[in-house]
């Protein structure tokens, strides 16, 4: 599967925003955005005027990088969102938020989305009692995501869940720490998504 394998911190610097791609490092003094809060490259510190198309493109790239989705897959999500009843931008974010790897991250089973994707690929989780190792698996209201019995005592999972505060878990999810499982009480709503995203810019970009 094609995947970006370059430096994660470079992506944050390019977007001018912490994308939290490296878990704990992103909230420490080692974060590249703390030391070099400007775009990478020789011209990174220059203040370039960004036109309308540039703003739309940067927003799309930012969202792709936050969720770890490649261009073809992202465009596929947009087409589904466009055909779904409702606001296209909100539909798009709902599709991205309900991915299995993203829900695993939001529940606190992994410190970053990249790590959660790896854990899903390595068959650490089940959905409604069935093993699922597809990061892009789309969850629905009422689904239960649980750590497989063989993995429940893994220290890295226990530490990650312990470090995630209850106030960091979205209201559309519920976490049972004892059972190492999470439940989708509802589908994500726009007001529940705290990541700074201007989805209308993406809609305008793809509508040209």
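The values are calculated or read from the model by the stated rules, or taken from the named source; none is laboratory data. Here the structure is a predicted model, which is why all the values come from computation and not from measurement. Don't worry about glycine lacking a Cβ; one is built from the backbone with ideal geometry, like all the others, and counts go over all protein chains shown.
Where in the range 95-179 are there helices (runs of 4 or more DSSP H), lying fully within it, with 3 or more residues that are touching a residue at least 40 places away in the same chain (Cβ under 8 Å) and surrounded by fewer than 22 Cβ atoms within 10 Å (Cβ to Cβ)?
155-163
Is it the case that the range 192-203 has a residue that's outside the structural domain of residue 117 (by TED's automatic domain parsing), outside any loop (DSSP other than H, G, I, E, B) and surrounded by fewer than 17 Cβ atoms within 10 Å (Cβ to Cβ)?
yes
Can you tell me how many residues within the range 53-93 are out of contact with any helix residue (DSSP H, G or I) (no Cβ under 8 Å at 6 or more places or on another chain), within 15 Å of residue 187 (Cβ to Cβ) and assigned to a helix (DSSP H, G or I)?
Going through the range 53-93 one residue at a time, the tally reaches 0.
Give me the residue from the range 180-191 that is on the phi < 0 side of the Ramachandran plot and touching a strand residue (DSSP E or B) at 6+ places or on another chain (Cβ under 9 Å) and, out of that set, surrounded by the most Cβ atoms within 10 Å (Cβ to Cβ). Step through it out loud before you land on a result.
Filtering the range 180-191 for residues on the phi < 0 side of the Ramachandran plot gives 181-191.
Then keep just the ones that are touching a strand residue (DSSP E or B) at 6+ places or on another chain (Cβ under 9 Å); that gives 181-186, 188.
Details: 181: 18, 182: 26, 183: 18, 184: 20, 185: 12, 186: 14, 188: 24.
Looking at the filtered set, the residue picked out is 182.
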